[in-house]
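Enquirer: Quick one: the structure is below, and I'll ask about it shortly.
The values are calculated or read from the model by the stated rules, or taken from the named source; none is laboratory data. Please read all numbers here as calculations on a predicted model, not as lab measurements. Cβ atoms come from the backbone with ideal geometry, glycine included; neighbour counts cover every protein chain shown. Each accessible area value is taken on the protein alone, full model and side chains, heavy atoms only, with ligands, DNA and RNA left out. Shrake-Rupley method; radii C 1.70, N 1.55, O 1.52, S 1.80 Å.
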Amino acid sequence: MRCNYCEWRCKMPASVCHMYEERDGTITEIYPNQWTTYYLTHAEGIPLFHGWPNHQFLQIGAFNCNASCAYCINSRVAIEPGRKTFCFQLEPDRVVKIAQKANCMGIHFSVNEVTVNLPSALAVAREAKRKGLVVGCSSNGYFTQEAADMMLEYFDFFNISLKSLSDDYYREHVGLKSVTPVMRNIEYLASRTHLEVTTTVVQTVNDHEITAIAEYLAGIDPQMPWHIFRLLPEYKMKDMIHPDIKEISEKVKECRKILPNTYFSNYIGTQLINTLCPSCGQVLIERICAQSCGALLSAYNMKGNVCPNCGTEVKMTGSFCDTSLTDGREGEVC
Amino acid sequence: MLGIIDVREWQAVIDLATAQPVKRDEEFLQPLKKLAERFPYPGDRDNAGSKWTIEAAEAVVNHYHPGWLFLGFTQPFFSSTYGQCTIETRKNTAKIIFDYILGFAKKHSFYSLIVSTGGLVPLKGYIVLPELKGNLQSSAWCHNMAGVYQSEPGDEAVLAQEPHIRSIIKKEDFAEEYKGIDPAYIKDFPDYLLVAEDGWHFKGLCSNNRVLYNIEKFNSTLPVYSEIGYPDHIEGICSLMEEALEQGKKVLLAVIEGLDEDDFLLPYQNIDNCRGWYAYQGYTLYHTLVTGKPFYQCTHPPIYDMSARRKLPLRYPMSAPHTGTICEDSLGRRAKVPTAAVGSRSITTHAMVNADLMLECYIRAQANMGVLVAVNEDRYHANLNI
């Protein structure tokens with residue numbers, strides 16, 4: 001029997017992620033409802049720059065992965081320790097209750113690859129939708145069409161990591177056989193849900209692909225939000241040089257002519273995380289990079305999803321959570 | 001407060017109150033930019049981190065000539081928390097740091113005051129409390145403390161049954177005991193603030209997901225070495241330094257994280273570190289060292305509500321991401337002499353010590369994002385002109 005969650009399509013009992021087994025003729029999770037971490041972020045920290053601005057999310061993740069990125073920044077839970085990691089046993093209703101109590105608009109599956117514990121994630125998502133929460137995930141995108149459909153039933157957004165357009169890169173640095181399924185899923189999801197794409201830049205390894213990836217994404221959706229992430233490599237590539245910010249910034253500025261919602265983040269002081277009106281150039285959403293990932297929203301200058309200066313419509317899902325009128329410690333949900 | 005962030009191949013000048021980049025190119029920034037560039041942070045886990053503090057301090061002192069200097073050393077803490085560290089290694093590390101501090105103080109004629117934040121204990125286990133209906137929130141700063149927010153009836157009984165909790169502080173009781181404190185502090189205070197028995201680590205919302213080998217313990221006293229006298233209580237250290245400064249002495253306050261009295265290789269006194277159920281640790285310890293104020297007058301409680309939404313526009317989002325408040329009444333801010341700080345406890349250096357000129361590593365979620373030079377321009381310019 002073969003697992004149909006990711007494109008490894010492992011023949012049981014062997015599985016690349018070590019998270020599934022065959023039981024009574026079905027693919028079953030070995031560690032259901034076990035999570036290594038749950039914490040709080042906001043849409044911009046996911047990153048999600050064109051959906052639910054300034055809303056709070058519960059981020060939750062398990063362990064293990066179906067890929068083995070040589071630069072993984074979460075290798076301690078995603079790759080290396082496996083079952084040595086502490087796990088919470090949290091049933092779906094408890095996860096949702098925690099999110100609601102913590103003023104969250106939704107739940108975001110992250111930390112490790114969601115498809116390695118998909119039944120548990122879907123159970124949480126089902127319960128979250130029942131309670132009116134938004135649900136989504138960050139994923140390496142190496143899932144099957146069947147898994148995509150399962151997730152689309154409940155997930156409102158995806159942030160898919162497109163690490164390169166080259167099979168060679170995927171084989172050598174990501175530990176996956178091909179980029180083709182990832183590209184197929186990006187194209188499939190783009191017309192069906194809220195999709196943002198992230199690319200981690202490893203200097204001298206994939207930085208030459210930036211323009212080609214922008215062109216590829218613009219061909220799918222000219223307003224696709226694309227996050228170029230300045231990677232500080234860890235794990236097996238921890239001695240690699242850090243990306244050259246000036247050089248990549250210039251490329252990003254050029255990319256914005258092809259794909260206006262292109263961003264460059266993960267370093268303090270970047271201004272390439274603001275959303276500009278593609279028509280008149282007005283700054284529509286101001287963000288700051290203060291943490292190691294994502295950003296914080298600092299000002300929302302749009303009227304709904306429209307530029308107040310020229311009336312151009314900008315891609316935006318969900319409403320802005322305006323906390324300017326609270327006293328900052330009320331803990332109210334927008 | 002102005003910040004210069006250096007990420008090794010790139011720099012930005014930032015208004016730390018808003019975290020927005022600012023266009024500033026005055027002449028006075030040039031040596032500060034060079035300072036940031038000269039000292040890339042090597043990390044917390046070996047002696048290079050301690051060497052970084054002392055070498056950066058040398059450059060800061062030569063540039064600014066402070067009369068009060070803060071130095072922060074974290075390597076003993078991080079080596080023992082995130083790895084197996086033998087007693088011999090820790091003692092060797094301690095010796096290196098003490099030698100650095102005393103040699104530096106002698107060279108620059110500082111009177112030293114050295115405080116350890118206290119020892120660590122091996123991790124015994126986790127406190128998870130799955131039956132709670134409220135949210136158990138912990139933090140990566142204080143693994144042995146947690147808070148219950150949005151609690152429900154029955155939660156108190158659940159807490160009472162947990163055998164490894166040392167103290168349970170009810171919000172109403174706390175508010176009753178400390179009448180007159182800032183309402184914002186009370187608002188952020190959990191429904192129940194929990195302190196674990198030594199070796200037990202709370203696991204909940206926002207708790208540290210890394211493998212820990214040793215964690216903080218309830219340190220009722222802290223070992224202190226001083227060349228300006230000894231206080232009765234850790235809260236008295238600030239006034240002791242103020243008195244020494246009044247006498248015209250140059251004072252160096254060094255904080256070393258993670259050393260127990262057995263590792264404290266200098267002559268020391270054990271100083272009372274408690275306020276009833278609370279033993280100073282984390283940022284409240286830094287706060288009381290530089291303000292002299294008790295923990296309930298800190299910028300926020302030992303555990304604060306990370307689920308509370310912060311008001312837009314954000315204030316100090318890089319410095320105090322969850323509270324928006326930095327320490328404005330530190331000795332670094334109010335001393336009559338120029339003040340400076342170098343520290344490897346990331347944003348705590350500028351958010352708590354708040355000196356005229358500061359150099360710190362900028363670490364977020366344990367990712368080395370570069371170094372930050374922070375400067376309070378009002379005092380910095382005035383003192384340089386003198």
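Enquirer: Using a simple charge model, +1 on the beta-carbon of Lys and Arg, -1 on the beta-carbon of Asp and Glu, nothing else, what dipole does the protein assembly as shown show about its Cα centre, in debye to the nearest 20?
Expert: Once rounded to the nearest 20, the dipole reads 700 debye.
Enquirer: Other chains' Cβ within 10 Å of B:3-14 residues: what's the mean? Write out the running numbers ahead of the final one.
Expert: Working: counts 2, 1, 4, 2, 10, 5, 9, 11, 3, 7, 1, 4.
That average works out to 5.
Enquirer: What Kirkwood hydrodynamic radius do you get for chain B when you take the inverse of the mean 1/r over all pairs of distinct Cα atoms, in Å?
Expert: Kirkwood hydrodynamic radius for chain B: 21.3 Å.
Enquirer: Turning to a different aspect of this structure: Over all residues in B:310-323, what is the mean tally of Cβ atoms on other chains that come within 10 Å of each residue's Cβ?
Expert: 5
Enquirer: Right, next: Sorted by accessible area (1.4 Å probe), largest first, how do B:LYS51, B:LYS249 line up?
Expert: B:LYS51, B:LYS249
Enquirer: What average count of beta carbons from other chains do you get within 10 Å of the Cβ of residues in A:262-268?
Expert: 4
Enquirer: Moving on. Let's see if you can work this out: charge +1 on each Lys and Arg Cβ, -1 on each Asp and Glu Cβ, no other charges. What is the dipole magnitude of segment B:231-303 about its Cα centre, in debye to the nearest 20? Working shown, then result.
Expert: Values: 4 positive and 11 negative charges, 70 e Å.
That gives a dipole near 340 debye.
Enquirer: OK, next. Pull up all non-local amide H partners of B:ASP305: gap of 5 or more, or a different chain, and H-to-H distance under 5 Å with H placed in the peptide plane.
Expert: Those lying under 5 Å, H to H, from B:ASP305: there are none.
Enquirer: Right, another one. Using the Kirkwood radius over C-alpha pairs as Rh, can you work out the diffusion coefficient of segment A:82-136 via Stokes-Einstein at 4 °C, viscosity 1.567 mPa s, in µm² per second?
Expert: Diffusion coefficient, whole number: 110 µm²/s.
Enquirer: Ok, one more. Give me the Kirkwood hydrodynamic radius of the protein assembly as shown in Å, from all C-alpha pairs, to one decimal place?
Expert: Roughly 26.6 Å, rounded to one decimal.
Enquirer: Enter the Cα centre distance for the pair segment A:149-172 and segment A:242-320, rounded to the nearest angstrom.
Expert: Rounded to whole Å, the Cα centres lie 22 Å apart.
Enquirer: Compute the whole-percent fraction of alpha carbon pairs in segment A:129-244 spaced more than 18 Å apart. Spell out each step's value before the answer.
Expert: Details: 3483 of 6670 pairs.
Tail of P(r) above 18 Å: 52 percent of Cα pairs.
Enquirer: Further question: Compute a Gaussian network model of chain B, connecting alpha carbons closer than 10 Å, and tell me which residue from B:ASN209, B:ASN135, B:ASN270 fluctuates the most.
Expert: Checking each option, the largest mean-square fluctuation is seen for B:ASN209.
Enquirer: Considering the zone a paramagnetic label at B:LEU265 would reach in this model (a point 7 Å from Cα along the Cα-to-Cβ line), which residues of segment B:203-241 have amide N under 20 Å from it?
Expert: B:223-227
Enquirer: Right, another one. Taking the Cβ-Cβ separation of B:HIS381 and B:GLU227 as r and a Förster radius of 25 Å, what is the calculated FRET efficiency to the nearest 0.05?
Expert: Computed FRET efficiency for B:HIS381 and B:GLU227 comes out at 0.20.
Enquirer: Between A:CYS310 and B:ASN92, what is the label-to-label distance in nm when each label sits 7 Å out along the Cα-to-Cβ direction?
Expert: Inter-label distance under the simple model: 6.4 nm.
Enquirer: Name the trypsin sites (Lys or Arg not before Pro) in segment B:290-386 that are in a loop by DSSP and that have at most 10 other C-beta atoms within 10 Å, would you?
Expert: B:LYS336
Enquirer: When the distances between all Cα atoms of chain A are binned every 10 Å from zero, what whole-number percent does each bin get?
Expert: 6, 26, 36, 24, 7, 1, 0
Enquirer: To the nearest 0.05, how large is the calculated FRET efficiency for B:SER239 and B:GLU131 if R₀ is 41 Å and r is the Cβ-Cβ distance?
Expert: 0.35
Enquirer: Please check chain B for the longest run free of GluC sites (Glu not before Pro) that are loop-located per DSSP (anything but H, G, I, E, B) and have at most 14 other Cβ atoms within 10 Å.
Expert: B:132-327
Enquirer: Using only C-alpha atoms and all pairs of different ones, pull out the Kirkwood radius for segment A:74-168 in Å with one decimal.
Expert: One decimal place: 14.4 Å for the Kirkwood radius.
Enquirer: In addition: Give, rounded to the nearest 20 debye, the magnitude of the charge dipole that chain A has about its Cα centre when Lys and Arg contribute +1 at Cβ and Asp and Glu contribute -1 at Cβ.
Expert: 340
Enquirer: Report for chain B the percent antiparallel among DSSP-assigned beta bridges with both residues inside it, nearest 5.
Expert: Close to 65 percent.
Enquirer: How many angstrom separate the Cα center of segment B:339-386 from the Cα center of segment B:123-181?
Expert: 33
Enquirer: Please compute the net charge surrounding B:ARG275, taking Lys and Arg as +1 and Asp and Glu as -1 over other residues with Cβ under 12 Å from its Cβ. Mind showing how you got there, number by number?
Expert: Working: positive: B:LYS293; negative: B:GLU177, B:GLU235, B:ASP272.
Around B:ARG275, the surrounding residues sum to -2.
Enquirer: Going through segment B:126-218, which trypsin sites (Lys or Arg not before Pro) have at most 10 other Cβ atoms within 10 Å and a DSSP loop state?
Expert: Qualifying residues, ordered by number: B:LYS179.
Enquirer: Ignoring ligands, DNA and RNA, how do B:TRP141, A:TRP226 rank by accessible area with a 1.4 Å probe, largest first?
Expert: Descending accessible area places them as B:TRP141, A:TRP226.
Enquirer: Sticking with this one: Once you list every other residue whose beta carbon is under 15 Å from the beta carbon of A:LYS129, what net charge do they have if Lys and Arg are +1 and Asp and Glu are -1?
Expert: 0
Enquirer: Between A:SER161 and residues 5 or more places away or on another chain, which pairs have amide H atoms under 5 Å apart, with H built 1.01 Å from N, and which residues are they?
Expert: Under 5 Å from the amide H of A:SER161 lie the amide H atoms of A:SER139, A:ASN140, A:GLY141, A:THR198, each far enough along the sequence or on another chain.
Enquirer: Now a separate question. Quick check: net charge around B:GLY67, other residues with Cβ under 9 Å of its Cβ, Lys/Arg +1 and Asp/Glu -1?
Expert: With Lys, Arg at +1 and Asp, Glu at -1, the net is +3.
Enquirer: Describe numerically, in nm with one decimal, the distance between label points set 7 Å from Cα along Cα→Cβ at A:SER319 and at A:ASP24.
Expert: The answer from the label model is 4.5 nm.
Enquirer: Taking a temperature of 37 °C and a viscosity of 0.692 mPa s, what whole-number D in µm²/s does Stokes-Einstein yield for segment A:175-334 with Rh from Kirkwood over alpha carbon pairs?
Expert: Estimated diffusion coefficient is 190 µm²/s.
Enquirer: So what is the 222 nm mean residue ellipticity for the protein assembly as shown from helices alone, if each DSSP H run of at least 4 adds -39500 (n - 2.57) and you divide by all residues, rounding to the nearest 500 deg cm²/dmol?
Expert: Only helices count here, giving -7500 deg cm²/dmol.
Enquirer: Still on this structure, please answer the following. Can you compute the FRET efficiency between B:ARG210 and A:MET1 using 1/(1 + (r/R0)^6), with r the Cβ-Cβ distance and R0 = 45 Å? Round to the nearest 0.05. Can you show the working numbers first?
Expert: On the way: r = 36 Å, r/R0 = 0.80.
Calculated transfer efficiency: 0.80.
Enquirer: Sticking with the crude label model, points 7 Å out along Cα→Cβ, report the distance from B:ALA59 to A:SER166 in nm, one decimal please.
Expert: Label-label distance for B:ALA59 and A:SER166, simple model: 3.7 nm.
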